[in-house]
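Novice: Submitted below is the structure of interest, expressed as structure tokens.
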Amino acid sequence: SLQGPLRQPVLAGRLSQGSNPLLGGWQAALAWANGRLTLEQFTSAHLSASGQLRSGALDLALDLRRYPLARLNPVVGTRLDGVLDGTGTVRGPLGRLVPDLALTLDRPAAGPLGLQEQWRGSWLGDAAGGGRLRMEPLAPALPGLLTARLDQRWVPVQVRLERGDGVLQLQGRPQASRWQATRLPLDGLMLAV
């Protein structure tokens, strides 16, 4: 719809897609006024968002609920599993967006490694792309720390899992990574071969 005077029109629209490989079906309500695009509402089965775009800079609030990580397999080029919940913001120029998210992972798995636990932490993006993940397990799991660095294409290039007195490190791309484990307790860790 288009309303208002010709000098300052207000454009509003409703968009939807019945099926999307990453999000499933979704609906969005947008408005354009005074040089600012506002996402009044975005909803899908797992994601809701709102925010605005002005002068090429985005300010977006996100709420992600029970998102199956397996939907990301074609994007990252390796098998992922588990369920992700998250809230936070995505801000910055469109070419250098910076996510800042609080996350909870339930039974996360990447490639052959999986954890039968729930983890909580944060994702801090980098303006150049990619970013850093930091997660800690929730009780009754063994104390530990999971850190990862992702490159500009959001592909993990360095992963470190600390559990008790042990550590597991992975470096490289998912298709060709090197790994090393030292005194790593296997309780709660699943390896698929």
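The values are calculated or read from the model by the stated rules, or taken from the named source; none is laboratory data. Everything quoted here is computed from the prediction, not taken from an experiment. Don't worry about glycine lacking a Cβ; one is built from the backbone with ideal geometry, like all the others, and counts go over all protein chains shown. Only protein heavy atoms, including side chains, enter the accessible area calculation; ligands, DNA and RNA are left aside. Shrake-Rupley method; radii C 1.70, N 1.55, O 1.52, S 1.80 Å.
Novice: Tell me, please, whether a residue that is under 26 Å from Ala57 (Cβ atoms) and either open to solvent by 100 Å² or more (accessible area, probe 1.4 Å) or part of a loop (DSSP other than H, G, I, E, B) (or both) can be found in the range 135-147.
Specialist: Going through the range 135-147, the residues under 26 Å from Ala57 (Cβ atoms) turn out to be none.
The answer is no; no qualifying residue exists.
Novice: Could you check, for the range 166-189, whether at least one of its residues is more than 19 Å from Val75 (Cα to Cα), surrounded by 14 or more Cβ atoms within 10 Å (Cβ to Cβ) and of a type in the set (D, E, K, R)?
Specialist: Among the residues of the range 166-189, not one is more than 19 Å from Val75 (Cα to Cα), surrounded by 14 or more Cβ atoms within 10 Å (Cβ to Cβ) and of a type in the set (D, E, K, R), which makes the answer no.
Novice: Out of the residues in the range 63-75 meeting the condition of being at pLDDT below 95 and in contact with a Leu (Cβ under 7 Å, 6 or more places away or on another chain), tell me which one is most open to solvent (accessible area, probe 1.4 Å).
Specialist: Arg71
Novice: Sticking with this structure for a sec: Which of the residues that make up the range 45-62 are farther than 17 Å from Gly13 by Cβ and either open to solvent by less than 50 Å² (accessible area, probe 1.4 Å) or not hydrophobic (A, V, I, L, M, F, W, C) (or both)? Steps first, answer last, please.
Specialist: Looking only at the range 45-62, we keep the residues that are farther than 17 Å from Gly13 by Cβ, and these are 45-48, 54-62.
Of everything in the range 45-62, those that are farther than 17 Å from Gly13 by Cβ and either open to solvent by less than 50 Å² (accessible area, probe 1.4 Å) or not hydrophobic (A, V, I, L, M, F, W, C) (or both) turn out to be His46, Leu47, Ser48, Arg54, Ser55, Gly56, Ala57, Leu58, Asp59, Leu60, Ala61, Leu62.
Novice: What is the number of the single condition among (1) at pLDDT 90 or above; (2) under 16 Å from the mean Cα position of the chain (by Cα) that Leu39 does not meet?
Specialist: For Leu39, the exception is condition (2).
Novice: Taking only the range 52-73 into account, find how many residues are in a strand (DSSP E or B) and at negative phi.
Specialist: Going residue by residue through the range 52-73, those that are in a strand (DSSP E or B) are 52-54, 57-68.
Going one step further and asking which of them are at negative phi, we end up with 52-54, 57-65, 67-68.
The total comes to 14.
Novice: Hey, another quick one. Give the residue that is most open to solvent (accessible area, probe 1.4 Å), with candidates limited to residues of the range 117-127 that are over 11 Å from Leu150 (Cα atoms) and over 11 Å from the mean Cα position of the chain (by Cα). Before you say what the answer is, go through the steps one by one.
Specialist: Initially, the range 117-127 is screened for residues over 11 Å from Leu150 (Cα atoms), giving 117-122, 127.
So of that shortlist, the ones also over 11 Å from the mean Cα position of the chain (by Cα) come out as 117-121, 127.
On the way: Glu117: 21, Gln118: 74, Trp119: 1, Arg120: 127, Gly121: 22, Ala127: 41 Å².
Among those residues, the one meeting the criterion is Arg120.
Novice: If you don't mind, there's one more thing I want to ask. Can you tell me which of (1) within 16 Å of the chain's Cα centre (by Cα); (2) surrounded by 14 or more Cβ atoms within 10 Å (Cβ to Cβ) is the one Ala102 doesn't meet?
Specialist: The number of the failed condition is (2).
Novice: On to the next question. Could you tell me whether Val90 is more than 11 Å from the chain's Cα centre (by Cα), of a type in the set (Val, Ile, Thr) and under 19 Å from Ser122 (Cα atoms)? Before you say what the answer is, go through the steps one by one.
Specialist: Details: more than 11 Å from the chain's Cα centre (by Cα): no; of a type in the set (Val, Ile, Thr): yes; under 19 Å from Ser122 (Cα atoms): yes.
Considered against the rule, which asks whether it is more than 11 Å from the chain's Cα centre (by Cα), of a type in the set (Val, Ile, Thr) and under 19 Å from Ser122 (Cα atoms), Val90 comes out as no.
Novice: Can you name the residue in the range 1-20 that is in a loop (DSSP other than H, G, I, E, B) and at pLDDT 90 or above and is also surrounded by the most Cβ atoms within 10 Å (Cβ to Cβ) among such residues?
Specialist: Asn20
Novice: Answer yes if at least one residue in the range 85-92 is at pLDDT 90 or above, more than 30 Å from Ser1 (Cβ to Cβ) and of a type in the set (Asp, Glu), and no otherwise.
Specialist: Yes: one or more hits.
Novice: Tell me the residue from Gly131, Gly111, Gly88, Gly82 that is open to solvent by less than 30 Å² (accessible area, probe 1.4 Å), on the phi > 0 side of the Ramachandran plot and out of contact with any strand residue (DSSP E or B) (no Cβ under 6 Å at 6 or more places or on another chain), please.
Specialist: Values: Gly131 fails: out of contact with any strand residue (DSSP E or B) (no Cβ under 6 Å at 6 or more places or on another chain); Gly88 fails: out of contact with any strand residue (DSSP E or B) (no Cβ under 6 Å at 6 or more places or on another chain); Gly82 fails: out of contact with any strand residue (DSSP E or B) (no Cβ under 6 Å at 6 or more places or on another chain).
Exactly one residue qualifies, and that residue is Gly111.
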